[in-house]
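Asker: Following this message is one structure expressed as structure tokens.
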Amino acid sequence: MTIENVSENRSHGGTQGVYKHASAETGTDMTFSVFVPPQAQDRACPVLWYLSGLTCTHANVTEKGEYRAACAQAGIIFVAPDTSPRGAGVADDDAYDMGQGAGFYVDATQEPWTPHFRMRSYVERELPALIAEHFPVDMDRQGITGHSMGGHGALTIGLHNPATFRSISAFAPIVSPLNCPWGEKALSGYLGDDRAAWREYDACALIEDGARADALLVDQGTGDQFLEEQLKPQLLADACKDANIPLTLNLRSGYDHSYYFISSFMADHVAWHARRLKA
């Protein structure tokens, strides 16, 4: 598999790159960013995947996430894919919360989304294989995190693959798409009306159905405008309590849903993952 070098910049002793490749899963070109810390000159490094939220591309966290200093200190490679397939031949919706920029990290089963919207398989299989081929990663040490829709993706993909992802965290995640307007719209559109089929894309439902993790970390701003209607972190807290999954839920007073919030606590998350990804 080949990749195209879009840009590379020296940063914190390492390299921040943006790359593009032709995806077999989505049938489109996909763009992603990778930060490689200085330690990778001498050894393979653990990798932390970051999944972005609605309307975002790889660029949002790359430009505003403020993760590079922490990753350089910890020796962690940071990978940020796009949130959906894109292009003239790709289905879309006029609303911001469906279609391009809103892939929800599912493999769609409904038209017109089926041909291209396979973000779960892209994140779980295709992109990791590409990263392993082209970058000095230790694939036995992987963690996953994300924001909002990407927090949902990190939780569900992490819970589906506990042997792959040794650490799972999220910023202001959609913890239960079964129980919020964003999730109901996206899952009904991509998967159809059978709510039973939605459960594998709902972190709380996965935990109720037996999925487990050694620990979870979630940060949530109390000033988040989506807190009550869309995010509902207490549902995750209740599910983890019932399943005896250690959950650290940090409610951050006054913080909103933006990258001002994410960047404030990104270093904490990188350090948390680093402790769990030690050899």
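The values are calculated or read from the model by the stated rules, or taken from the named source; none is laboratory data. Note that the structure is a prediction, hence the values are computed from the model and not measured. Here Cβ is always computed from backbone atoms with ideal geometry, including for glycine, and neighbour counts include all displayed protein chains.
Asker: Surrounded by 17 or more Cβ atoms within 10 Å (Cβ to Cβ), hydroxyl-bearing (Ser, Thr, Tyr), at pLDDT 95 or above and part of a helix (DSSP H, G or I), is that true of THR62?
Answerer: So THR62 fits the description; yes.
Asker: Count, please, the residues in region 137-188 that happen to be outside any loop (DSSP other than H, G, I, E, B), of a type in the set (Ser, Thr, Tyr) and surrounded by fewer than 22 Cβ atoms within 10 Å (Cβ to Cβ).
Answerer: So the count comes out to 1.
Asker: Please state which of the following conditions ILE144 fails to meet, knowing it meets all the rest: (1) touching a Ser or Thr at 6+ places or on another chain (Cβ under 9 Å); (2) farther than 30 Å from TYR260 by Cα.
Answerer: Going through the list (1) touching a Ser or Thr at 6+ places or on another chain (Cβ under 9 Å); (2) farther than 30 Å from TYR260 by Cα, ILE144 breaks only (2).
Asker: Within the set of pairs 6+ apart or on separate chains, which have a first residue in region 215-229 that is within 24 Å of TRP272 (Cα to Cα), a second that is of a type in the set (Asp, Glu) and part of a helix (DSSP H, G or I), and C-beta atoms under 9 Å apart?
Answerer: LEU217/ASP268; ASP219/ASP268
Asker: Still on this structure: Within the set of pairs 6+ apart or on separate chains, which have a first residue in region 246-268 that is touching a residue at least 40 places away in the same chain (Cβ under 8 Å), a second that is of a type in the set (A, V, I, L, M) and buried (at least 17 other Cβ atoms within 10 Å of the Cβ), and C-beta atoms under 7 Å apart?
Answerer: Close Cβ pairs (under 7 Å, with a partner that is of a type in the set (A, V, I, L, M) and buried (at least 17 other Cβ atoms within 10 Å of the Cβ)) amount to HIS257/ALA172; MET266/ALA70; ALA267/ALA70.
Asker: Can you find a residue that is on the phi > 0 side of the Ramachandran plot and outside any strand (DSSP E or B) anywhere in region 40-53?
Answerer: Checked region 40-53: no residue is on the phi > 0 side of the Ramachandran plot and outside any strand (DSSP E or B).
Asker: Looking at THR2, is it among the hydroxyl-bearing types (Ser, Thr, Tyr) and either exposed (fewer than 15 other Cβ atoms within 10 Å of the Cβ) or in contact with a Lys or Arg (Cβ under 8 Å, 6 or more places away or on another chain) (or both)?
Answerer: Yes.
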